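Here's the structure, in structure tokens; my notes come after.
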Amino acid sequence: MSNGTGSRSRKAGAAGYARRARPRPKLNSGVEVEWVDSASTNGWLGNDKPKESPQRCWSMGYLIQQTKASIVLAQNKDEDGHTGQWITIPAQCVRRIRVVVRGNDGSD
């Protein structure tokens, strides 16, 4: 697609290159999620500026659900497909999802 100057127009990412959308992992895949969590303190503080900053976190589990609002991981799964120990992570906190073990989405 020309932008009138003879060069192609595209959405630029880092270093001016177009960013490709990564495919979403299939449900039930084993994934590692890198995400950012809030930080807090305990007890009374002076009027100094807070020293804490959001914390980078990593969680591993089976991908149960992924929407525009959040992702849900289960830490445990039994041979019958029952899951437990779920964590819901807000989508805006997710920095990266890496597939560790490919699963199926239950459609086959």
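Taking the criterion of being surrounded by fewer than 12 Cβ atoms within 10 Å (Cβ to Cβ) and either modelled with pLDDT under 90 or of a type in the set (Val, Ile, Thr) (or both), the only residue of the range 68-87 that qualifies is Gly81.
Cβ separations smaller than 7 Å between residues 6+ apart or across chains give the following pairs from the range 36-51 residues that are closer than 26 Å to Arg96 by Cβ and at pLDDT 75 or above to residues that are surrounded by fewer than 10 Cβ atoms within 10 Å (Cβ to Cβ) and among the small types (Gly, Ala, Ser): Ala39/Ser53. Here is the figure for the range 17-35: residues that are at pLDDT 55 or above and over 30 Å from Gly84 (Cβ atoms) total 4.
The set of residues in the range 43-73 being among the aromatic types (Phe, Trp, Tyr) and part of a loop (DSSP other than H, G, I, E, B) consists of Trp44 alone.
The values are calculated or read from the model by the stated rules, or taken from the named source; none is laboratory data. Everything numeric in this text was worked out from a predicted model, so none of it was measured. Cβ atoms come from the backbone with ideal geometry, glycine included; neighbour counts cover every protein chain shown.
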